[in-house]
Amino acid sequence: MSTPRADRFDRFSAALTVVVFAALLLPLVVVVVMSFNASNSVSWPPSGFSLQWYAEALDKARVREAALNTLRLGLTTALASTALGTITGFALVRYSFRGRNLTAALVVLPVLVPALLLGLGLVIVLTGLLHLRLSLLTLWVGHVTFTLPFTTLIVASRAVSLDRRLEDASRDLGAGWLRTMVQVVLPPLLPAVRAAFLFSFIISMNEVVLALFLAGTDQTLPGYMFGEFLRVVTPEIDAISTLMVVLAVAVLAIENVAARALLSRREQS
Amino acid sequence: MTDPSDILLVDVRKRFGTHEALRGLDLEVRPREFVAILGPTGCGKTTALRVIAGFEQPDSGSVLLAGQPVAALPPNQRPTSTVFQHYALFPNMSVFDNVAYGLRVRRVARDEIERRVQEALTLVRLAGYGPKRIQGLSGGEQQRVALARAIVTRPRMLLLDEPLSSIDQALRTAMQVELRQLQTELGITFLLVTHDQQEALSLADRLIVMRQGRVVQNGPGDEVYRRPHSRFVAGFLGEANLFDVSDLAPLNGDTTGADADGSVVIAGAHHERRTVTLCVRPEAIVVGPAAAGLPNRRQATLEDDVFRGQVRTLVLRTRTGRRIIATTLTTDGFSAQHGDDVEVGWRPTAAAVLEDDE
């Protein structure tokens, strides 16, 4: 039973929800709409419908190469960061070792310092100390460092709820460390591992500060877009942004379908 | 008798931070014995089990399984198998896969795995449960899956950590009977850890009572119950009437003395000691006319009378105010009103003389 007062509150919270979602989605909608603009103006309102900016963007070899770089970087970053983060996250929760608290603090450090500082520091270390040439590889190192806190924390938060006795039971039944990890520890961690993978992929895909510092002459899409912003702004930028949103959603969808397929196959066997 | 003991712990110590879990534990289990380690929470009994299984490394002392020192062996190379408290079944696997786990680890052939898993499931009366998921099972069923999983690898000894603690009372009695049958059928050593004295008494051939990281008494269940060595054991295994007797003097090979309520006759020669403490179990207290003629008699007032079906528990108080608990069979026909004066007594042979006063 709802009193008039509760009614008013319901209406208020509904209105608030609409405002919040509008604030979140409106810029996105504007960008998507503008990408189909027929004129070369980026200011509202659009005039006419056209796919010319998509055609123009995809026609440029630099854009295609940047897109490919972004994809490769995102996948390799996600793979490495998720693998490292899973091991680190589980280890921080399960094992007590000397310097555990220090390790936990150090792991989250990269999110606490500004990306600018991390980028600068990595440039000095990678080029000055290790004499590496700035390229996609150095950016990959930066992205793995930058995303490791996220993947570690995601997996650790799930690992807390693991039942340690299951690992004891596995060893008691004769299984070694590796088998216990793969068959007993990993399955309940999988949702977190998946989330960590997606999270690190999307962070890497959208990251621009480290990309400016560490990519050298290689370019990622955010890096390319940032460069374009500084020169001349056309709806081409909107088209590329829209493509990136589509790509991100596609990655989420593909991962989801793949995970379901994998899960149902495991249940059948 | 020349068989080496299956489990032998000598002066085992284990410390967690400032807490000394095991303070020189000595323990022996012979082949095919069913032994229960009994003790209150925190007495070190679970730590003892984990040391035997290999989950904890003792700080000092030696652990021998089947005559072999196992200090260097991890759990997966010991001849033990554990039934964990709350079972620790793998939630992402079916019943079959849970039971088959230990066999797959040992790379047993596929058709033999099939056969042995079915065999084990049949033994714990879960035939046909193979494809089921763990989440859908009742506590009793999970308990049996845990048992099947532990015995399918044919361990030499089975370690059970409070195996019945999360099962409701009605089912627990049935599972106790099944556990005993299983042990007889398998013919392997069972070492069970529990804080439930009833469970320990009804399951095990022999009891090891632990307190503060040490063994305080060790022997067959009825002996430990009837002849406790200490106040602790007397109180931990059920109700106990304790009488502190002094002024001891010899009497035809027996001993006489007195407590606050009067004279006491003690079976056996104990007069060299200054005082002794007697433990008389409630069912050894004789109430009413039957007490007449017993050497140890007290006048007491009936304070409470609790009917429990098979037995009734009587709470009595002597003239000096000490409480005596007695149980009588309800078929005995004893009847008295609250506040009635009744005579109580006990046979000298029914009293245990405690060896120490702790």
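The values are calculated or read from the model by the stated rules, or taken from the named source; none is laboratory data. A quick note: this is a predicted structure, and the numbers were derived from the prediction, not measured. Methodologically, a virtual Cβ is constructed for each residue, glycine included, from the backbone with ideal geometry; neighbour enumeration extends over all protein chains shown. The area values use the complete protein model at the heavy-atom level, side chains included, leaving out ligands, DNA and RNA. Shrake-Rupley method; radii C 1.70, N 1.55, O 1.52, S 1.80 Å.
Worth pointing out:
- With N counted as the residues of segment B:242-353, its alpha-carbon radius of gyration over 2.2 N^0.38 Å works out to 1.08.
- This model, with +1 at the C-beta of Lys and Arg and -1 at the C-beta of Asp and Glu, gives chain B a dipole about its Cα centre of some 1280 debye.
- Relative to the dominant Cα principal axis of chain B, helix B:139-151 is inclined by about 60°.
- For chain B, the mean residue ellipticity at 222 nm estimated from helices alone is -7000 deg cm²/dmol, where every DSSP H run of n ≥ 4 contributes -39500 (n - 2.57) and the total is divided by all residues, rounded to the nearest 500.
- For segment A:42-171, dividing the convex hull volume of the Cα atoms by the residue count gives 213 Å³ per residue.
- Note on A:Phe21 and B:Gln118: their simple-model spin labels are 5.6 nm apart, each label 7 Å out from Cα toward Cβ.
- C-alpha center-to-center spacing [segment A:94-119, segment B:90-166] in angstrom: 42
- Cβ-Cβ distance of B:Val177 and A:Leu190, R₀ of 41 Å, FRET efficiency by 1/(1 + (r/R0)^6): the value works out to about 0.50.
- For B:Met210, nonlocal amide neighbours, meaning residues 5 or more places apart or on other chains whose placed amide H falls under 5 Å from its own, are B:Leu38, B:Gly39, B:Val216.
- Whole-Å semi-axes of segment A:84-147's equivalent ellipsoid (Cα gyration tensor): 26, 12, 11
- Average accessible surface area per residue within chain B, 1.4 Å rolling probe, Å²: 46
- Within chain A, longest stretch free of exposed chymotrypsin sites (Phe, Trp or Tyr not before Pro) [DSSP loop, at most 12 other beta carbons within 10 Å]: A:98-269
- Once the Cα atoms are used to define both axes, helix B:110-123 deviates from the longest principal axis of chain B by about 20 degrees.
- Segment A:193-269 versus segment B:278-324: alpha-carbon centroid distance in Å: 83
- Calculated translational diffusion coefficient of chain A (37 °C, 0.692 mPa s; Stokes-Einstein with Kirkwood radius over alpha-carbon pairs) equals 151 µm²/s.
- Eigenvalues of the alpha-carbon gyration tensor of segment B:7-234, scaled by 5 and square-rooted, set the equivalent ellipsoid semi-axes at 30, 21, 15 angstrom, largest first.
- Element breakdown for the protein assembly as shown at a 1.4 angstrom probe: carbon and sulfur atoms account for 59% of the accessible area.
- Only helices reaching 30 angstrom along their own axis (Cα) with mean Kyte-Doolittle hydropathy no lower than -1.0 count here, and for the DSSP H runs of chain A these are A:4-34, A:61-94, A:136-159, A:235-268.
- Residue-wise HN-Hα coupling along segment B:89-101, computed from phi with Karplus coefficients 6.51, -1.76, 1.60 (Hz; x: Gly, Pro): 6, 7, x, 8, 10, 6, 4, 4, 5, 4, 5, 6, 3
- Its DSSP H runs of at least 4 residues, each contributing -39,500 (n - 2.57), put the calculated 222 nm mean residue ellipticity of chain A at -25500 deg cm²/dmol, to the nearest 500.
- For segment B:269-346, the set of GluC sites (Glu not before Pro) satisfying both a DSSP loop assignment and a count of at most 14 other C-beta atoms within 10 Å is given as B:Glu272.
- Stokes-Einstein translational diffusion, the protein assembly as shown - Kirkwood Rh over all Cα pairs, 0.692 mPa s, 37 °C, in µm²/s: 105
- Electrostatic dipole magnitude of segment A:120-234 [Cβ: Lys, Arg +1; Asp, Glu -1; Cα centre; debye, to 20]: 100
- 3J(HN,Hα) couplings calculated from phi for segment B:163-174 with the Karplus curve 6.51 cos²θ - 1.76 cosθ + 1.60 (θ = phi - 60°) are, in sequence order, x, 10, 5, 9, 10, 6, 3, 4, 6, 4, 4, 5 Hz; Gly and Pro show x.
- Checking every one of the trypsin sites (Lys or Arg not before Pro) in segment B:276-358 against DSSP loop status and a limit of 12 other Cβ atoms within 10 Å picks out B:Arg308.
- Each residue of segment B:127-136 was assigned a 3J(HN,Hα) from its phi angle through the Karplus expression (A = 6.51, B = -1.76, C = 1.60, θ = phi - 60°), giving 4, x, 8, x, x, 5, 8, 5, 4, x Hz with x at Gly and Pro.
- For B:Thr328, nonlocal amide neighbours, meaning residues 5 or more places apart or on other chains whose placed amide H falls under 5 Å from its own, are B:Arg312, B:Leu314.
- In a DSSP loop and with at most 12 other Cβ atoms within 10 Å, the trypsin sites (Lys or Arg not before Pro) in segment A:130-216 are A:Arg133.
- Residues whose amide H comes within less than 5 Å of that of B:Glu33, counting only those at least five positions distant or on another chain, are B:Phe190 (H built at 1.01 Å from N in the peptide plane).
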